[in-house]
Structure formats: structure tokens, C-alpha cells
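Colleague: This is the structure I want to talk about, given as C-alpha cells.
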Amino acid sequence: MRTGIVRRVATLALQIEPDRSRVLHWIVHTPLAALGGHTTFELACNGQGERVVDLLRSLLEQSGPLPSHLPHAPVAR
């Protein structure tokens, strides 16, 4: 059975942030600076969800400790 892109993203994201509700909020509401300021949900709806998978995999494959938070766009001040 083929796993959907949002589930694949969530599975990877849960390795960084174990709180499922925070991961869901991140998927739907958090703009990703590294991906043009779009949310994971927007990218998945536009057939670009693999870009998020690639981003999370690259974070998880870095040497050293796991990232302490999921990627996001900087907050404007």
C-alpha cells in the first residue's frame, strides 16, 4: 500500500517533534522559509510534498543531535 505524502511528512516530523498536535499544526499552518514560505499542506496540495520530505530527511541525516524544532519561516518583527 502506498503511503500518502502528508503521512510520510508527519512520520518524519514526529522524529523531530513528538507531539502529534504540534506536528499537525506545523503541517497546516507553518510557512517554511526554505520552501518559499509555503506551508507543508500547500506544497502537498500542489504536488510538491516531496520537497518537504527532502527537507526533513536532510535535517534528520545531519551529523550531531537531532534538530530541536521543525523548520519554519522567521517571524517578522
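The values are calculated or read from the model by the stated rules, or taken from the named source; none is laboratory data. Because the structure is a prediction, the values reported are computed rather than measured. No Cβ is skipped: glycine too gets one built from the backbone with ideal geometry, and neighbour counts run over all protein chains shown. Side chains included, ligands, DNA and RNA excluded: accessible areas come from the protein's heavy atoms. Shrake-Rupley method; radii C 1.70, N 1.55, O 1.52, S 1.80 Å.
Colleague: May I ask you to give the solvent-accessible area per residue for the chain, in square angstrom, as obtained with a 1.4 angstrom probe?
Modeller: Working: 5310 Å² over 77 residues.
Counting only protein heavy atoms, the per-residue value for the chain is 69 Å².
Colleague: Given a Förster distance of 25 angstrom, what is the FRET efficiency for GLU42 paired with GLN15, based on the Cβ-Cβ distance and rounded to 0.05?
Modeller: On the way: r = 22 Å, r/R0 = 0.89.
The pair GLU42/GLN15 has a calculated efficiency of 0.65.
Colleague: Match the structure shown to one of the listed values (i) 11.5, 34; (ii) 11.9, 45; (iii) 14.4, 55 of Rg and Dmax of the Cα atoms in Å, computed from it, and give that label.
Modeller: Entry (ii).
Colleague: Then there is this: Take the solvent-accessible surface of the protein heavy atoms, probe 1.4 Å, and return the percent of it on the chain that carbon and sulfur atoms account for.
Modeller: Values: 2860 of 5310 Å².
Roughly 54 percent, rounded to a whole number.
Colleague: If I build a Gaussian network model for the chain, linking alpha-carbon pairs within less than 10 angstrom, which residue out of GLY37, GLY47, GLY64 has the largest mean-square fluctuation?
Modeller: The residue that fluctuates most here is GLY64.
Colleague: Within region 1-37, which residues have the backbone N less than 12 Å from the label spot 7 Å out from LEU66 along Cα→beta-carbon, could you tell me?
Modeller: 11-20
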